[in-house]
1. Might you let me know whether the stretch 48-57 holds any residue that is surrounded by 15 or more Cβ atoms within 10 Å (Cβ to Cβ) and closer than 21 Å to G12 by Cβ?
2. Of a type in the set (S, T, N, Q) and assigned by TED's automatic domain parsing to the domain that holds G89: does that describe S26?
3. Scan the stretch 1-23 residue by residue and report those that are under 18 Å from Y73 (Cβ atoms), assigned to a helix (DSSP H, G or I) and either in the same structural domain as A69 (by TED's automatic domain parsing) or not hydrophobic (A, V, I, L, M, F, W, C) (or both).
4. Do you know which residues across the stretch 24-69 are in a helix (DSSP H, G or I) and either β-branched (V, I, T) or touching a Gly at 6+ places or on another chain (Cβ under 6 Å) (or both)?
5. Kindly indicate whether Y83 is outside any helix (DSSP H, G or I), free of Cβ contacts under 8 Å to residues at least 24 places away in the same chain and under 16 Å from V5 (Cα atoms).
Amino acid sequence: MNPIVYAEVSLGFDHVEDLDNAMPASQFLREPLPYAAGFLAGKAFLAYRRRGGSRPTPLPDFYIGAHAAVGGYRLLTRDDKRYRTYFAGLELVTPGG
């Protein structure tokens, strides 16, 4: 889990301690974001915008996908279309899929 994922998950909790208890570091690897993922996220976001993407703030989603791609991780997501489009070869885990 990287800081962006941590931030997104935190929305469901009132206190950092509650989140840390629900997702303990002993069970969820916590990693910083590598610069290579930042570069890849920027390029994927640029491709998205050039293809007519209009969502104003999807860059964190691209950063999450890039981190998984650079790190060779599987990504749990409900938005498989975007990740398949911009991160070919990224292994996805999709609920119900």
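The values are calculated or read from the model by the stated rules, or taken from the named source; none is laboratory data. Fair warning: this is a prediction, and the values are worked out from it, not measured in the lab. Counting neighbours? That spans all protein chains shown, and the Cβs are built from the backbone with ideal geometry, glycine included.
1. There is no residue in the stretch 48-57 that is surrounded by 15 or more Cβ atoms within 10 Å (Cβ to Cβ) and closer than 21 Å to G12 by Cβ.
2. no
3. Within the stretch 1-23, P3, Y6, E8 qualify.
4. Answer for the stretch 24-69, where residues must be in a helix (DSSP H, G or I) and either β-branched (V, I, T) or touching a Gly at 6+ places or on another chain (Cβ under 6 Å) (or both): just I64.
5. Criteria not met by Y83.
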